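If you scroll down you'll find the structure; I have some questions about it.
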């Protein structure tokens, strides 16, 4: 039950959940391509591909920081090839990169709409397409996309239709890609948190305090539990972090709370 020697390509890995997944895999001794736009420190958003690379190495993993905008096809394909050249193959893709804007239709500039659809849905498709030829050669290939169970419930669409559309696009792609490549032995699944996770993105949610959230470690541990599973016959699943961990025998979920004992806020789409 280890990712030792496995090569992971993680998008949006310069901070938040992507960083946490990278550090959890690093403790196993995995090879990790840290793929993100953040090559230079930003005072408003801590973390770069280089700072996370240093953390990965310190944790026992092998890091390859790659500055990449997943909206750009040439950059994505070059990043995948650089990963394969550096580590000799590719075992796992984590589609973590995502853009968020929780506003109604009249308060959503088209540049925000375009950003979300290009990063969330198109970026997921592009990264998966670029990785698939190499994943086919892996012994236990996985694609894990951080997206919610598909829903047509209007309560999720009315308040922020553009974000919901872009995020559900990632989920619908998971269904289609799993149907196409799951029978070929590639585990293509999605993972979503039960509660809001304390990342920089929560600043986009009015009224949400970090103390009512769980830490990114719960998603990292859940992702690890998914990615060590045999890939054959395991596809098209929409997994929830705490359910995955309970199935893996983890009983103390309070350890993941920012403020243990405080009521937790449920995440969107659940």
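Where a number appears in this text, it was derived from the coordinates with a stated rule and is not lab data. Because the structure is predicted, anything quoted here is derived from the model rather than measured. Cβ atoms come from the backbone with ideal geometry, glycine included; neighbour counts cover every protein chain shown.
Using only Cα atoms, what Kirkwood radius does the stretch 81-206 have, in angstroms?
15.6
For a label point 7 angstrom out from the Cα of residue 125 toward its Cβ, which stretches of the stretch 69-85 have the backbone nitrogen within less than 19 Å?
The answer is 69-78, whose backbone nitrogens lie closer than 19 Å to the label point.
Another one. Take the alpha carbon atoms of the stretch 202-230, find their center, do the same for the stretch 171-188, and report the distance between the two centers in whole angstrom.
Answer, in whole Å: 24.
Where is the GNM fluctuation largest for the chain (alpha-carbon springs, 10 angstrom cutoff): 149, 46, 109?
Looking only at 149, 46, 109, the biggest GNM fluctuation is shown by 109.
A follow-up question, please. Could I get the Rg over Rh figure for the stretch 63-135? Both from C-alpha atoms, Rh via Kirkwood, rounded to two places. The partial results should precede the final answer.
Working: Rg = 14.3 Å, Rh = 13.4 Å.
Checking Rg against Rh, the ratio lands at 1.07.
Counting DSSP beta bridges in the chain, what percent are antiparallel, to the nearest 5?
Here the antiparallel bridges make up roughly 10 percent for the chain.
Rounded to the nearest 5, what % of the DSSP beta bridges within the stretch 29-182 are antiparallel ones?
Here the share of antiparallel DSSP bridges comes out near 10 percent.
Something else about it: For the chain, what does -39500 (n - 2.57) per DSSP helix run (n ≥ 4), summed and divided by total residues, give at 222 nm, in deg cm²/dmol to the nearest 500? Could you put the intermediate results ahead of the total?
Working: 9 runs with 100 residues, N = 270.
So the calculated ellipticity at 222 nm is -11000 deg cm²/dmol.
May I ask for the equivalent-ellipsoid semi-axes of the stretch 151-270, computed as the square root of five times each C-alpha gyration tensor eigenvalue and listed largest first in whole Å? Kindly include the intermediate steps, with their values, before the conclusion.
Values: eigenvalues 134, 89, 19 Å².
The three semi-axes for the stretch 151-270 are 26, 21, 10 Å.
According to a simple spin-label model (label point 7 Å from Cα along Cα-to-Cβ), what is the distance in nm between residue 211 and residue 81?
5.2
For residue 4 and residue 252 in one chain, what is 0.36 nm times their gap in residues minus the Cα-Cα distance, to one decimal in nm?
Separation in residues times 0.36 nm, less the Cα-Cα distance, equals 86.7 nm.
Could you please rank 37, 44, 167, 155, placing first whichever residue has the fewest other Cβ atoms within 10 Å of its Cβ?
44, 155, 37, 167
Roughly speaking, what is the stretch gain from residue 58 to residue 151, that is 0.36 nm per residue apart minus the C-alpha to C-alpha distance, in nm to one decimal?
Value of the extension gain: 29.4 nm.
Given R₀ = 41 Å, FRET efficiency for residue 106-residue 74 by Cβ-Cβ distance, to 0.05?
Plugging the Cβ-Cβ distance into 1/(1 + (r/R0)^6) gives 0.70.
When the label point is put 7 Å from the Cα of residue 44 along its Cα-to-beta-carbon vector, which residues of the stretch 191-222 have a backbone N closer than 18 Å?
The answer is 199-207, whose backbone nitrogens lie closer than 18 Å to the label point.
For the stretch 1-158, what's the radius of gyration and Dmax over Cα atoms, in angstrom?
16.0, 49
Determine Rg/Rh for the chain; Rg is computed over alpha-carbon atoms and Rh is the Kirkwood hydrodynamic estimate from the same atoms.
Across the chain, the Cα-based Rg/Rh ratio is 0.94.
For each of 143, 80, count neighbouring Cβ atoms within 10 Å of the residue's Cβ, then give the residues from fewest to most.
Fewest-to-most ranking of 143, 80: 80, 143.
Which one of 119, 40, 161 has the biggest mean-square fluctuation once the chain is modelled by GNM with Cα springs under 10 Å?
It is 40.
Further question: Going 7 Å from the Cα of residue 228 in the Cα-to-Cβ direction, what parts of the stretch 247-270 have a backbone nitrogen less than 20 Å from that spot?
247-256
What order do you get for 259, 14, 51 when you list them from fewest to most C-beta neighbours inside 10 Å?
Ranking 259, 14, 51 by Cβ neighbours within 10 Å, fewest first, gives 259, 51, 14.
Also, I was wondering about something else. Normalised by the number of residues in the stretch 7-256, what is the relative contact order in percent for Cα pairs under 8 Å and 6+ residues apart?
RCO, the stretch 7-256: 19 percent.
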